[in-house]
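Values quoted throughout were computed directly from the atomic coordinates according to the rules given, and no laboratory measurement underlies them. These numbers come from a predicted model, not from an experiment. All Cβ positions, even for glycine, are placed from backbone atoms using ideal geometry, and neighbour counts span all protein chains on display.
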Amino acid sequence: MALSALNSDSNFTNFDQADGETMSDAQTAQTASSAAAARIADAAHTGPMLAADGTPLKKSLNRALRVQKMRALALIAPLLIFVLVTFIAPIADMLFRSVENDIVSETLPRTTTMLSGWGEKGTDIPGEPVFEALYQDMFVAQEAKLHTRLGSRLNYELTGASSLFRKSGRKVQDMGEVYQDQFEDLDGFWKKGENWNSFMASDAWLAAMDGWKKANGPQPRFELRDGIAQTLPATADIYVKYADFIQNVDKANLSKKDPWALVYSSLYRDLSGENGLSSYTGPAAAELAAAATAASTFETVNYTDAFKKIDRDWHKLDIWQTIKVYSPKFTSGYFLNAIDMQKSVDGAEMRPENEQIYGLLFWRTMVMSLTITLSCILLGYPVAWILANLPARTANLLLILVLLPFWTSLLVRTSAWKVMLQQQGVINDTLVWLGIVATDDRLALINNSTGTVIAMTHILLPFMILPMYSVMQTIQPTYLRAAKSLGATNWTAFWRVYFPQSMPGIGAGSILVFILAIGYYITPAIVGGTEGTFISNRIAYHISSSLNWGLGAALGAILLAAVLLLYYAYDKIVGIDNVKLG
Amino acid sequence: MNLTKTLMTSTALTLAAGMSFADGHMANELTIISWGGAYSNSQQKAYHAPYSAETGVKIINDESSAEAVSKLRAMNEAGNVTWDLVDVEAADAIRLCDEGLAIEIDADEMLAAGADGSSASDDFGDSLISDCFIPQIVFSTTVGYRTDMVGDTPPTSICAIFDTDAYPGKRALNKRPIGNVEWALLCDGVAKDEIYDVLATPEGQERALAKLDTIKSDVIWWSAGADTPQLLADGEIVMGSTYNGRLFSLIAEQNQPVGMLWDAQMLDFDGWIIPKGLPEDRLARVMDYVKFATDTQRLADQAAYISYGPARASSAPLVGKHAELGIDMAPHMPTDPANAQNVFVTNYEFWADYRDDMDAKFQAWLVK
Amino acid sequence: MVALTPISRTEPAFYIPVVAAFGAFFGIFIGTGQGSLLLGVLGGAILTALAAYVLVKIIKNERAGRWLLTALFAVGGFALASIPGLLIGTFFGWFFGFLIFWLYEGRYRAKIPPYLTPSQVFWHFTFRTICGAIFVFLITPILVVMPLSFNAQDFFTFTPEMLRFDPAGYSLKHYRDFFTNDAWQDAMKNSLQIAPVATLLSVTFGTLAAIGLSQPHVPFRRAIMAILISPMIVPLIISAAGMYFFYSRIGLQGTYIGVVLAHAALGIPFVIITVTATLVGFDNSLTRAAANMGANPVTTFFRVQMPLILPGVISGGLFAFITSFDEVVVVLFVGSAGQKTLPWQMFIGLREQISPTILAVATILVGISICLLTVVEMLRRRSERMRGMSPS
């Protein structure tokens, strides 16, 4: 590839010669050089300039450029793919969680659909159909043990949701048993799962199940009988769910299982409501007809009251409002939480004062990072200067001192600072020994912002010194001497000549330190006390402890946006190429 | 998500080759997750070593219990559960159970009956705080103090934490609401059996934080179990809350000038959960181990290495002497009748509901 | 630029007051420590002024004078505060002996330009002192860690025995623990298995990409650069969580490869930055010349380009190595028991059971790195000598 780029260069030189040869016969009286110039001008008029191989020069150059681009991209590609896959994809995946919210509508599909017609801004709780839908959803969810998961999710928004769902899940099983008992009392036929299968399942499936044993491999997939979905719509809908659950989650033999109580209540619903039973002639037609007649006299369940009996909270507005507000598949709720707001029926509103925390933490993270950056500049500049101005031999030795802390584990350095800074620590002990501070008046150097700034400055200082040093190395000392010999004072010479040249180093170091500081959390947590809580601490808490990953992702997204903004500004002002390390 | 999925598939394909040896689940191994430190050590000696000797099963220790909840959820999401058994706190067990990440346990069927003939569920009693939880130990969060810094009147009541006049100096408290708010209300005059009712109201929460506010400037907040012992050893604090096992080791093993309170100790449980989604063969192996490791004798054995009480009632009489120091361990158990005169049992149900809310308020209070 | 400034002996009116000023300054501390500030200042000033006069005018022999002064201060220190006092006294004795003759002989001007005014000279040394203080700040934690690692107790505390230099306060047990404890040995082994591979990955890919990026025409250069630098600028907790969820899903969580890939990704920005920086000064006509003489691109790369950018590659590699070797957040999420690295083991140590074994490990690592850095520096000097260059 390197050769092809070179060829394009030589093509260009060939062009001059070739052109010269073809034209040389026609012109005789002029000097070669002026002739060549005229000829080129001539050629431009007569047609496109050609390269040696006859292609137009422009095209040839473009091709060379393209080849060069391709070559560069080919070199970059492996790393780019590597970073995209191992790093960018995970980040994108993680940030997506900050808006993802399908758990509500997946766990309570019927309820959320029914709720769409409910006016959440009114003062009435939803009506009986919603409660019936809730019963069905809860029944299915508790079989799959998903209801507590939803409870945990909603508990982030509404305190108490967790136990409400846990409690309701346990009791919802009994709720439909009224119907099950009545059907079973009516006719022994309804007790057995195989009888249900005989009219709910297709003949093909029944035949396949007939000879099936566990050793034969997976159970044949349940199929609904043709037309039964029109005859008994609600029952068919639930039965498919039931069959799927038994076969795929429970991994049990469907023909030996007795249906859920929910199946009975759905059948009652079909029989007492609209159905296509009049034209039904399939298996169990007689039993169904008998049941249909009997159903009108069945004792019924009022789901609204049944849920109230489980917990009065079901008759409060806020649980329903929360479910409704969080039923869409995507939500801005996590982001609102991350800026101390909350999603309510009236749109976004501020959280109560005593729960506002993230705004303060973002602000504190910024201020502390800025302070740390400034102290790094203050301490790093003289060191970088002296490194750049000492003979290389000495500078290299001193550079080892700068690099050594790098080789000491971050955790160890942080612990060492704890040993140094605490009230019974090395610094205070020394000061007391020297009599500078009184023993009962020891300095508070740790568990506050002072401790954070000292420890973090120390940890990040090398990241400031190295870029500064590499920039300062390139500044000619002669400029400074020239300035002085022209009459500048030491200060003027430094401030007007040296300092501006060292700016890229300061910029590079600052951005590096600031960005790194913003993301630290172990060190501030150890030495910073209550003032040392950075936003990253909360992100870590939500990810590893509270399991509120959505909120963690939203906080992370905001933090990341801030960092990227800084990065962009930095790239515009200084250029990322100017960052140098060592 | 399409992009992510495509990327994921391609990554999976690229790495398929490397994956072959990454799947390290050998036929005769158990990966057990615990906390590390002295606690893991006690499990190693009391459970793992005898079990391995008996069955030849190799036990791999992973010290990730602090991240267990989130790691289990991610594994479950990915459908790739690599852990066999996880040691967690009771509160985490409830959370994991709620999230459907742990399997439910029928104690009488799956665990060994007590040595005194009682059924497993009776023997464990109240410690079975969740359907998924297999208790091992009872521990308590309590207060230790520097004997050389409290003068002639060492504290006898938990409320010494809030008494900065009698006991000036810094005190260390856990950087989370659980435990602290209960103590705050208790010392603010709320009767012990009303505390959770009061805490369930916003006023009660305000009241607890207001009480904590009186000592806020004197508190060093700890988050790692090793913090308070270190602070006590340094003389950096006059008193601090920590786990009773840590205080025992500080006093008895390290001979530091430290005393401890049993007043209003917050009793808590620690135990196993079995992750959901294990294949049959691994599940069978885990069940076998669990049955072995939670029988009466094994739980009593553990107490020889660390001063945490066995969760079975039938194990208590079998608690012997410390393995190295040779001192009697029974008087150092949080469940010992002399120590258990005034205990405080965490209400897990309450915290499952109020944890998120209370934590937000507590943190907001903390940073102000 | 080493200025050859002629030096000459200075007048007593110069060196005695300066030495006395130093004496007064250090006297402050001894004075407050013994209860009287004024006495300390005056005593320090008078004592050191006297010492300066005696050494220069009466003893005259520099070597004998300095030894005498050191011995005197050491005895005085011992009388005041036993062994710690002895050490501090010895140090001050040595320091003042040095200071007196340094000032008297005028050596302090030897290495600075002759045209500087006295105030500039003063500023010069003040500046040096400030820099020295910052260097001390930089290595303070290491200075604390080293003695604590010999602690006979299991806490990060300077015990009274240690401060008295009582041998009973010191022990090697934490080092023994490190070398005999399986957990630490496994962690060390894991770290040594993960870090080099991760470094190799990031250096290989990173160097190639850096060469690509420094070509004159690269489409979307800024965007690509931003993506490649991103592992450095994305806050670590976000990277860790993201990788953790994603790697779990593709089955890489808790595997050796997963940790290596994660660490390699984190190390890449350092390689990119250092190598592109080196390439800025790279003369491309060299590769063309090589190609012209018939070298193929691979040969050109290894024989021409690589040797010239090697310093950048090595320093980028070092950064990548340290990133992996000292990384705890990501490995905590992405790894599992089989990949427990040293930092992870340290983290558990700090969380579950504080033990100075951590400090012993840190001391060993610092020791190794000092040796390594010194060897590198000596090799560099040797190669400079061999090539006949004057040490710059």
Under 5 Å from the placed amide H of residue B:136, counting only residues 5+ away or on other chains, we find B:270, B:271, B:272
Among residues other than residue B:156 whose Cβ falls under 14 Å from its Cβ, what is the net charge (Lys/Arg +1, Asp/Glu -1)?
-3
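Please get the size of the charge dipole for the protein assembly as shown, origin at its Cα centre, with Cβ charges of +1 on Lys and Arg and -1 on Asp and Glu, quoted in debye to the nearest 20.
7920
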Approximate spin-label separation residue A:210-residue C:102, in nm, with each point projected 7 Å along Cα-to-Cβ:
10.6
So if I place +1 on the C-beta of Lys and Arg and -1 on the C-beta of Asp and Glu, and nothing else carries charge, what would the dipole magnitude of chain B be about its Cα centre? I want it in debye, nearest 20.
980
Would you work out which of C:313, C:362, C:287 lies farthest towards the positive end of the dipole of region C:280-371? Charges go on Cβ: Lys and Arg +1, Asp and Glu -1.
C:287
Under a plain spin-label model, where a point goes 7 Å from the Cα along Cα-to-Cβ, how far apart in nm are residue C:374 and residue A:65?
5.7
Computed about the Cα centre, the charge dipole of chain C from +1 Lys/Arg and -1 Asp/Glu charges at the Cβ has a magnitude in debye, to the nearest 20, of 1120
Of C:344, C:123, C:102, the one that fluctuates the most in a GNM where chain C has Cα springs shorter than 10 Å
C:123
Averaged across the residues of A:462-472, what count of C-beta atoms belonging to other chains lies within 10 Å of each residue's C-beta?
1
Selection from A:553, A:322, A:293 lying farthest towards where the dipole of chain A points positive, charges on Cβ:
A:553
Would you calculate a helix-derived [θ] at 222 nm for chain A, using -39,500 (n - 2.57) for each DSSP H run of n ≥ 4 and dividing by the full residue count, to the nearest 500?
-20500 deg cm²/dmol
Just rank C:203, A:325, A:513, fewest to most, by other beta-carbon atoms within 10 angstrom.
A:325, C:203, A:513
At most 11 other Cβ within 10 Å, DSSP loop - GluC sites (Glu not before Pro), region B:250-324
B:324
What nm value, rounded to one decimal, do you get for the distance between residue C:314 and residue C:385 when each label is placed 7 Å out toward the C-beta?
1.7
Most exposed first, judged by fewest Cβ atoms within 10 angstrom, C:324, A:105, A:544, C:285 run C:285, A:105, A:544, C:324
Under the rule of at least 5 residues apart or a separate chain, name every residue whose amide H is placed under 5 Å from the amide H of residue A:225.
A:201, A:202
For region C:12-114, calculate the relative contact order in percent as a whole number, restricting contacts to Cα pairs under 8 Å that are 6 or more residues apart.
22
At a Förster radius of 35 Å, what calculated FRET efficiency corresponds to the Cβ-Cβ distance of residue A:309 and residue A:285, to the nearest 0.05?
0.40
Sparse-neighbour loop sites [trypsin sites (Lys or Arg not before Pro); region C:1-88; at most 16 other C-beta within 10 Å; DSSP]:
C:9, C:60
Let me have the relative contact order for chain C, percent, based on Cα pairs under 8 Å that are six or more residues apart.
16
Calculate the length of the line joining the C-alpha centroid of region B:211-236 to that of region A:484-553, in whole Å.
28
Compare the Cα positions of C:72, C:58, C:37 along the charge dipole of region C:12-114 (+1 at Cβ of Lys, Arg; -1 at Cβ of Asp, Glu; about the Cα centre) and return the one farthest towards the positive end.
C:58
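If r is the Cβ-Cβ distance from residue A:370 to residue B:281 and R0 is 51 Å, what FRET efficiency results, to the nearest 0.05?
Working from the Cβ atoms, E equals 0.35.
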Run lengths n ≥ 4 of DSSP H only: what is the helix-derived mean residue ellipticity at 222 nm for chain C, with -39500 (n - 2.57) per run over all residues, to the nearest 500?
-25000 deg cm²/dmol
Is it possible to state the helix-based mean residue ellipticity at 222 nm for chain B, with each DSSP H run of 4+ residues giving -39500 (n - 2.57), the sum divided by total residues, to the nearest 500 deg cm²/dmol? What is it?
-11000 deg cm²/dmol
May I ask you to compute the full-extension gain from residue A:81 to residue A:350, defined as 0.36 nm times their residue separation minus their alpha-carbon distance, rounded to one decimal in nm?
92.6 nm
Calculated FRET efficiency, residue C:127 and residue C:289, Cβ-Cβ r, R0 51 Å, to nearest 0.05?
0.65
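May I ask you to derive the relative contact order of region A:358-578, considering only C-alpha pairs under 8 Å and at least 6 residues apart, and to give it as an integer percent?
Working: 240 pairs, mean separation 58.1, N = 221.
Normalised by residue count, the contact order of region A:358-578 is 26 percent.
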Pop out the ³J(HN,Hα) list for region A:242-248 in order, Karplus 6.51 cos²θ - 1.76 cosθ + 1.60 with θ = phi - 60°, rounded to Hz; leave Gly and Pro as x.
4, 4, 4, 5, 4, 6, 9
